[in-house]
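Only one structure is covered here, and it is reproduced in the block below.
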Amino acid sequence: MTDNAIEVAGLSKKFRIGTERRDSLKERFVRGSGRYDEFWALRDISFAVPRGSTFGLIGHNGSGKSTLLKVLAGVYRPTDGSLATKGRISALLELGAGFHGELTGRENIYLNGAILGLTRKQIAAAMEEIIDFSGIEEFIDSPVKIYSSGMYVRLGFSIAVTVDPEILIVDEIIAVGDEEFQRKCFDHLYELRRRGTTIVVVSHSLGVVADLCDRALWLDKGLLKSIGPVRDVTDNYLEAVNRKEADAKERSGEVSVETDGERTRRLGSGEIRVTHLDFIDHNGNASGFLSGGEKCMIRMHYQAEQELPSVTFGLGFSHESGVNVAGPNSGYGERATKVPAGTGCIDFHIDDLILQPGTFLVTTAVVDRGHTYDYRDRAFELRVRAQEAVTEPGLVRLPGRWTHEQATVSSVPTGSELP
Amino acid sequence: MTAPGVLQYRSLVWNFAQRDMKSRFTGTAIGWAWSLLLPLATLGIYTLVVGHLFKITPAAFGDGSKGNFAVWLFVGLTAWGFFSNSVNISMSALLGTGTLLQKIYFPSFAPVLGAVIGVAIQSAIEVGLVLVVLLVFTNVGFTWLLLPVWIVIFVAFSAGAAMLFAIGNIYFRDLAHIIAVFLQLLFYATPILYQDSLIHDRVLHNVIMSNPLTEFVVLFRDLVYGLTPGRVNIWAGALAWTVFAVSLATFVFHRYGRDLAEQM
């Protein structure tokens, strides 16, 4: 017998939608109650979450993730199928949703704790820890209506995680509070996971899901698209998103990504101009984006008015945050390029794209030592996509490898022994 | 709304009751003193108006002494006030927790029962005041001992009715207005301002006596003012109405009470 905290079988959820709801008796009498549109937010979803594991829900906006979460939390009743949960559920669908403005923080802790199904005694026992975790001790006996929005969510999160739930349901908690509090939240989630709490998480941050979860489920328009170990699911999802974006670009004919030239600075004497860039992926196809970790090429197209004997081409990569990341050039002096009149192109080959996922702005330059022929400042946009969910911070994935030599205790030098 | 379900969530029900009571007098200078001052003021106004302006012959006290119409009226109004406040406050309490019901699961009977308990505590203060006034008139009897039984039945009946109206109001928002009219009608169909013996039309008298509120108001007056234990058929009627209201409320809660999050 498997020990599952949550078992869902053939679950479907139907909503009635439409701008004209028949809320009033008159409308029911006059127009009948039979006409409204049906919308299936979830269709035939089956999965199980083993006790003590962490489960992620991913998918586009409107894919039914939040509806599924609400069904799990008991807010909605399934239209069809069955749902079985074992253990007390604490749901974080919206932090601080249950607060009453006139009551103090402490009184609201009692109210929210009671909503989560705790007795007064249990809440009193957890009170100190909750106040401590929230970090708003000096305001705990003031009405919550005077709280800032940050204090509101801090208190809400503190209650939900401190009450020691058996099953914790979390909807997009990533955007809560300041950096310090976010870290505290994550640390606590890992702590809960370690202690054997079953956790179900919805997040758009694949990195978070990949890092936190054991298994994941990918929902697409209310249907279960993929389920399994978290890496497989996030990889499938990313691949689909990448493919979809590539298709969309292709359809709109937008292969060379060039931002509006008028907006960006264009400098130089103009004997030679860069016309556009192509980002060419490892298959040799021009693409709207490049994938991290893959072989690729950036092709710079130019048009020269006259023959130029000594030209240097340069590319500048800056992150959307404004940081300059890299600036390779084709070489000066001996290694400068001779360019005939007319159009042509020059390629920059990359064996392994080490840029992390994100949007980079590309500057092109065509110079001859001190003289600038053409300079297009951040005129092009390069989007780098991940092949897998990335958990490494930073702008580049630093190439390198790790080795570990076993140290013996006695050979470790202490400060005093150093010369 | 099974008994174990209600017991399991008693802490939540109590929290909702506290929330309702606390927010009622928040920000006022004298706070809880209002819950005593308001009924006192009502009693004062009745004494002034009916005692000096209209000369109405009051029903005699149970101890045989000459009655006091203002006190007699106040007794009836206390019982009525509990019922009508329970219904009105429950409807707004459930509507008010709507956004919460969409975020977290908790049984929808909790805010309704919380509201009823909050109103009951307010009414208990008024009942206490009624008893004090009657003590002043030295109108005391052993029938007061039956009061707890009456209270339990009446609270159960009111909670059932409140639950029905509160859930109904989520599905049809017009209900709030219909209830307002209905409560007015019910008020005059209940012998609060008048004695039922004054109605001579047989049909009308039967209509008035079959109204559940009549039974509760008459019983309350019998117990505390008239100092009689009340007629058995009236007790039976009150009990039957209570069983009916609570059963129907339980059925409606199970059938419709779980989908309120989608109807808000």
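The values are calculated or read from the model by the stated rules, or taken from the named source; none is laboratory data. None of the values given here were measured: they were computed from a predicted structure. All Cβ positions, glycine included, derive from the backbone under ideal geometry; neighbour counts span all protein chains shown. All accessible areas refer to the heavy atoms of the entire protein, side chains included, with ligands and DNA or RNA removed. Shrake-Rupley method; radii C 1.70, N 1.55, O 1.52, S 1.80 Å.
Of all residues in the range A:291-338 being among the basic types (Lys, Arg) and either within 27 Å of the chain's Cα centre (by Cα) or part of a strand (DSSP E or B) (or both), which is farthest from A:Ile280 (Cα to Cα)?
As a first pass, look at the range A:291-338 and keep what is among the basic types (Lys, Arg): A:295, A:299, A:335, A:338.
From what's left, either within 27 Å of the chain's Cα centre (by Cα) or part of a strand (DSSP E or B) (or both): A:295, A:299, A:338.
Working: A:Lys295: 9, A:Arg299: 7, A:Lys338: 24 Å.
Looking at residues that are among the basic types (Lys, Arg) and either within 27 Å of the chain's Cα centre (by Cα) or part of a strand (DSSP E or B) (or both), I get A:Lys338.
In the range A:19-60, how many are open to solvent by less than 80 Å² (accessible area, probe 1.4 Å), away from chain B (no Cβ under 13 Å) and either modelled with pLDDT under 85 or more than 16 Å from A:Leu72 (Cβ to Cβ) (or both)?
Going through the range A:19-60 one residue at a time, the tally reaches 5.
Condition first: β-branched (Val, Ile, Thr) and out of contact with any Phe, Trp or Tyr (no Cβ under 9 Å at 6 or more places or on another chain). Can you find one or more residues in the range A:55-67 that meet it?
Looking through the range A:55-67, none of the residues is β-branched (Val, Ile, Thr) and out of contact with any Phe, Trp or Tyr (no Cβ under 9 Å at 6 or more places or on another chain).
So is A:His100 within 11 Å of another protein chain (Cβ to nearest Cβ) and either surrounded by 19 or more Cβ atoms within 10 Å (Cβ to Cβ) or not hydrophobic (A, V, I, L, M, F, W, C) (or both) or not?
Here the answer is yes, as A:His100 does meet what is asked.
Any idea how many residues of the range B:207-264 are within 14 Å of chain A (Cβ to nearest Cβ) and at pLDDT 95 or above?
0
Could you pull out the residue among B:Phe137, B:Phe109 that is open to solvent by 10 Å² or more (accessible area, probe 1.4 Å) and of a type outside the set (Gly, Ala, Ser)?
Unique residue meeting the criteria: B:Phe137.
Hey, A:Glu172 hits all of (1) open to solvent by 10 Å² or more (accessible area, probe 1.4 Å); (2) more than 28 Å from A:His204 (Cβ to Cβ) but one; which does it fall short on?
Here A:Glu172 clears every test but (2).
Among the numbered conditions (1) touching a helix residue (DSSP H, G or I) at 6+ places or on another chain (Cβ under 8 Å); (2) within 20 Å of B:Leu239 (Cα to Cα), tell me where B:Val207 comes up short.
Unmet condition: (1).
Scanning the range B:88-137 for residues that are under 30 Å from A:Phe157 (Cα atoms) and of a type in the set (Phe, Trp, Tyr), which turns out nearest to the other protein chains (Cβ to nearest Cβ)?
Here the answer is B:Tyr105.
Which condition breaks for B:Leu7 when tested against (1) open to solvent by 30 Å² or more (accessible area, probe 1.4 Å); (2) within 14 Å of chain A (Cβ to nearest Cβ); (3) outside any helix (DSSP H, G or I)?
(3)
In the range B:145-168, is there at least one residue being surrounded by fewer than 16 Cβ atoms within 10 Å (Cβ to Cβ), more than 10 Å from every other protein chain (Cβ to nearest Cβ), under 14 Å from the mean Cα position of the chain (by Cα) and without any contact (Cβ under 8 Å) to a residue 24 or more places away in the chain?
The answer is yes, given that some residue of the range B:145-168 is surrounded by fewer than 16 Cβ atoms within 10 Å (Cβ to Cβ), more than 10 Å from every other protein chain (Cβ to nearest Cβ), under 14 Å from the mean Cα position of the chain (by Cα) and without any contact (Cβ under 8 Å) to a residue 24 or more places away in the chain.
Select from the range A:276-290 the residues that are surrounded by fewer than 18 Cβ atoms within 10 Å (Cβ to Cβ) and not in a strand (DSSP E or B) and list them in ascending order.
A:His282, A:Asn283, A:Gly284, A:Asn285
Could you go through the range B:51-58 and let me know if any residue there is open to solvent by 40 Å² or more (accessible area, probe 1.4 Å) and within 14 Å of another protein chain (Cβ to nearest Cβ).
Scanning the range B:51-58, I find no residue that is open to solvent by 40 Å² or more (accessible area, probe 1.4 Å) and within 14 Å of another protein chain (Cβ to nearest Cβ), so the answer is no.
Only one of (1) hydroxyl-bearing (Ser, Thr, Tyr); (2) under 30 Å from the mean Cα position of the chain (by Cα); (3) open to solvent by 30 Å² or more (accessible area, probe 1.4 Å) fails for A:Ser63. Which number is that?
The failed condition is (3).
A:Gly156 is checked against (1) within 14 Å of another protein chain (Cβ to nearest Cβ); (2) open to solvent by 40 Å² or more (accessible area, probe 1.4 Å) and fails just one. What number does that condition carry?
(2)
With the structure loaded, tell me whether A:Leu353 is in contact (Cβ under 8 Å) with a residue 40 or more places away in the chain, surrounded by fewer than 14 Cβ atoms within 10 Å (Cβ to Cβ), in a loop (DSSP other than H, G, I, E, B) and not assigned by TED's automatic domain parsing to the domain that holds A:Arg231 or whether it fails that test.
Answer is no for this residue.
Please verify whether the range B:61-75 includes one or more residues that are small (Gly, Ala, Ser), open to solvent by less than 20 Å² (accessible area, probe 1.4 Å), part of a helix (DSSP H, G or I) and at negative phi.
Yes: the range B:61-75 contains one or more residues that are small (Gly, Ala, Ser), open to solvent by less than 20 Å² (accessible area, probe 1.4 Å), part of a helix (DSSP H, G or I) and at negative phi.
Do you know which residues across the range A:110-126 are facing chain B (nearest Cβ under 8 Å) and open to solvent by 60 Å² or more (accessible area, probe 1.4 Å)?
Correct list: A:Arg120 only.
Check B:Gly237, B:Gly230 and return the single one that is assigned to a loop (DSSP other than H, G, I, E, B) and either in contact with a helix residue (DSSP H, G or I) (Cβ under 9 Å, 6 or more places away or on another chain) or over 25 Å from B:Phe109 (Cα atoms) (or both).
B:Gly230
Any chance you could count how many residues in the range B:17-40 are open to solvent by less than 50 Å² (accessible area, probe 1.4 Å) and either within 14 Å of chain A (Cβ to nearest Cβ) or out of contact with any helix residue (DSSP H, G or I) (no Cβ under 6 Å at 6 or more places or on another chain) (or both)?
9
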